[in-house]
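Below you'll find the structure, written out as C-alpha cells, and then a few comments.
The values are calculated or read from the model by the stated rules, or taken from the named source; none is laboratory data. Nothing here was measured: the structure is a model prediction, and the numbers come from that model. Cβ: placed from backbone, ideal geometry, glycine included. Neighbour counts: every protein chain shown. Only protein heavy atoms, including side chains, enter the accessible area calculation; ligands, DNA and RNA are left aside. Shrake-Rupley method; radii C 1.70, N 1.55, O 1.52, S 1.80 Å.
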Amino acid sequence: MKSIYRVSQEVETPIYLVGGAVRDVLMGIAPEKDFDFVMKDNLVKSARLFSRLFEGSFFPLSSDPPNYRVVLVHTNQRIEVDFSGFRGDDLGHDLTNRDFTVNAIALEVGDLYREGGIKLYDPLGGEQDIQTKVLRLASPCSFDQDPLRILRAVRIAKERNLHIDSETREAIYRQRNRLDSVSAERIRSEFFKILSFSDAPESLKLLDELGLLSILIPETEALKRKSLESPGDLSRWRRSLDVVCWCEWSLVNLEKIFPHFSEYVKNHLEEELEEGVDRKSLFKLAGFLPDRGEVFSGADAMTMADTISRRLRLGKRTGRTLRKMVTYYDQVLSFRKMEKPSSRVFFQFFQNVDPEGLAVLLLAWAEYIAAAPERFTRSEDSAIRNFLADLVKFSVYEYPLMKPLLSGQEIIERFGLQEGKVVGELLNKVAHAEAQGLLASSQEAVLFVEDLLRHKRKTIINAQ
C-alpha cells in the first residue's frame, strides 16, 4: 500500500481501496491477488506510474466507467491491480453502484499512513453485514448492471461463508435467465471458482435451489426427473451429489488411498489446465456427471461431457480431460472382475487415458465408495484401495518403459499398406483387443492384424 500512497501523493489525488480487498481485511483475511482502487482524477497517470514502479503490464479494461489494469508478478504469483474512475459523481455514488454491500466499503489509502485512524466509507451498512455474515445486494439494479453478479453471489457466499439474504435469493431466482446474456468465458470462470471450494456438493445444491444449475448444466434435469420416477430408491440426484462428496473426501485423504504417492497425485490434480480451471475442480465436475444407469449411459455420457465442454467454452485439452474422466472411470473397476489381467491390459488403459490416469483412478474410487454399503468395514474396500495403489505404482514405474504391441509404421511395413485411415482403424482394433486382455505380445498382435486383413479382403471379394 505504501507504493499506492506514493502514487497518490505524486498525482495529488486521493486514491481509495474498495471492494473485496476491504471486505477481506474486515474479515481478518489478508488480501493477496486482486486490488481495486478508485479515484476522481488522474486515473491514467496513476495507473501508469504504479505500473512503472513495479515493472508491471498496463492495459485498459473498459471506457465506461474508465478502468485500467496493472498486472505484476510477485513471488511467482500473478497480482491484478485495477484503477477506475468513480461510477457516478463521487465516491458515495460509486459505492452504491457496486454489486453487494460487503463489497461497497472503501478507505482512503492515505489514512493508513496518517495519525488519527482509518475512516471507512460505508453508505450501505456493509460492515454490519460482514459481522452478521450476510450477502445482500447493494441495489435493486445490481443485476441489471452486470448479470454475472447472479453467479458471483454464490461464489462470494461460498468463498467467504456468507448467507445470501432472502431478498437477494429471490432476485437471483427471478432474474436467473439474465445469465444467457453473459459470455461463456465469464460464466466458466465463476463456475469453476465455485467448484474449487472444499464443499462442492453444498455449492451444487445451492446453485440448484437458486435455479442456476439447470442453466449451467441443463442435463441435471434428467437426473431429477428419474429421481421423481423412482422415489423409493436412493435418488440418482442424491447419488450424483454423493459421488462429489466422496471426490472431496478423496482429495483430503489421498494418503489413505495412495499412501506412497499422495503428494505425487496431489500435485497432478492441482495443475491448471487452462486459466481458472485446474484438474481438481474438473475432477469434481466429472464426479457429478458419470453414467447413472438409465440416465447417462455409454456414449451418452461422453456426448454430455462434450456438450458441457462446448457450452462452457473449455479449451481442447480441458475438454479431452473431462471426456476421459467420464469415459474411463468404470473401466478401472472392471479390471477387478478380470482373472489375472496382464500388464498389457493396464498399459493400454493408461495409454488411452494419458495423462489423466491418476484422476480417473481417483474418480473410480469415489464412484465405488459412494455406492458401497457399510463403507470401510469390508475387506473388498481395502482390496480396491490396494489395487488402485498398485495401478498408480504401475503408471509411475512400468508404464513409461512399455511400448505398444504394434506401431503404425510396423503395420505399414509388415503388410504393405499406405499410411491412412485403414492403418488407424487397425491400430484402434489392436488397442481395443489389448485392453480386453485378448493380446499380450507383438506376435499375437501381428496374427490379429493378419486375421483382420484376411477377413476384410474376403468381404471385398464377396461384395464383387
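What to note about this one:
- Filtered by the rule that a residue be touching a residue at least 60 places away in the same chain (Cβ under 8 Å) and assigned to a helix (DSSP H, G or I), the stretch 332-361 gives Arg344, Val345, Phe347, Gln348, Phe349, Gln351, Asn352, Leu358, Ala359.
- Qualifying residue in the stretch 91-106 (condition: closer than 30 Å to Arg169 by Cα, aliphatic (A, V, I, L, M) and part of a strand (DSSP E or B)): yes
- The lone exception for Leu417 - which of (1) in a helix (DSSP H, G or I); (2) without any contact (Cβ under 8 Å) to a residue 60 or more places away in the chain it fails: (1)
- Search result, residues across the stretch 88-112 that are over 32 Å from the mean Cα position of the chain (by Cα) and among the aliphatic types (A, V, I, L, M): Leu91, Leu107, Val109, Leu112
- Counted residues, the stretch 5-14 - those being open to solvent by 70 Å² or more (accessible area, probe 1.4 Å) and not in a helix (DSSP H, G or I): 1
- Among the residues of the stretch 51-78, those that are out of contact with any Lys or Arg (no Cβ under 7 Å at 6 or more places or on another chain), assigned to a strand (DSSP E or B) and not charged (D, E, K, R) comprise Ser57, Pro60, Ser62, Ser63, Pro66, Asn67, Tyr68, Val70, Leu72, Val73, His74.
- Residues of the stretch 15-50 classified as open to solvent by 10 Å² or more (accessible area, probe 1.4 Å) and in a loop (DSSP other than H, G, I, E, B), total: 10
- Residue count for the stretch 97-126, restricted to those that are within 23 Å of His163 (Cα to Cα), in contact with a Lys or Arg (Cβ under 9 Å, 6 or more places away or on another chain) and surrounded by 17 or more Cβ atoms within 10 Å (Cβ to Cβ): 11.
- Taking the stretch 165-203 as the range and being open to solvent by less than 10 Å² (accessible area, probe 1.4 Å) and more than 26 Å from Ile130 (Cβ to Cβ) as the test, only Leu179 passes.
- Taken over the stretch 400-421, the criterion of being farther than 18 Å from Arg454 by Cα, open to solvent by 60 Å² or more (accessible area, probe 1.4 Å) and within 37 Å of the chain's Cα centre (by Cα) is satisfied by Pro400, Leu401, Lys403, Pro404.
- Filtered by the rule that a residue be modelled with pLDDT under 90 and among the polar types (S, T, N, Q), the stretch 306-334 gives Thr327, Gln331, Ser334.
- Sole exception among (1) at pLDDT 90 or above; (2) open to solvent by 40 Å² or more (accessible area, probe 1.4 Å); (3) in a helix (DSSP H, G or I); (4) of a type outside the set (D, E, K, R) for Thr303, by number: (1)
- Qualifying residue in the stretch 146-154 (condition: open to solvent by less than 70 Å² (accessible area, probe 1.4 Å), more than 24 Å from the chain's Cα centre (by Cα) and closer than 21 Å to Ile105 by Cα): no
- Scanning the stretch 445-460 for residues that are touching a helix residue (DSSP H, G or I) at 6+ places or on another chain (Cβ under 9 Å) and at pLDDT 80 or above returns Ala445, Val446, Phe448, Val449, Glu450, Leu452, Leu453.
- Exclusive hit being of a type outside the set (A, V, I, L, M, F, W, C), touching a Pro at 6+ places or on another chain (Cβ under 7 Å) and more than 23 Å from Ala153 (Cα to Cα), set Gly92, Gly85, Gly56: Gly85
- Filtered residue count, the stretch 144-177, keeping only those that are more than 20 Å from Leu204 (Cβ to Cβ) and modelled with pLDDT of 95 or more: 8
- Residue count for the stretch 213-249 satisfying the condition of being part of a helix (DSSP H, G or I) and either at pLDDT below 70 or open to solvent by 20 Å² or more (accessible area, probe 1.4 Å) (or both): 20.
- Per-region count, the stretch 380-399, residues under 18 Å from Ser342 (Cβ atoms), open to solvent by 30 Å² or more (accessible area, probe 1.4 Å) and assigned to a helix (DSSP H, G or I): 5
- When residues of the stretch 107-152 are limited to those that are acidic (Asp, Glu) and part of a loop (DSSP other than H, G, I, E, B), the one farthest from Ser62 (Cα to Cα): Glu115
- Any hit, the stretch 76-85, residues being of a type in the set (Ser, Thr, Tyr), closer than 30 Å to Ser142 by Cβ, out of contact with any strand residue (DSSP E or B) (no Cβ under 7 Å at 6 or more places or on another chain) and buried (at least 18 other Cβ atoms within 10 Å of the Cβ): no
- Boolean, Val81 is free of Cβ contacts under 8 Å to residues at least 40 places away in the same chain and not in a loop (DSSP other than H, G, I, E, B): no
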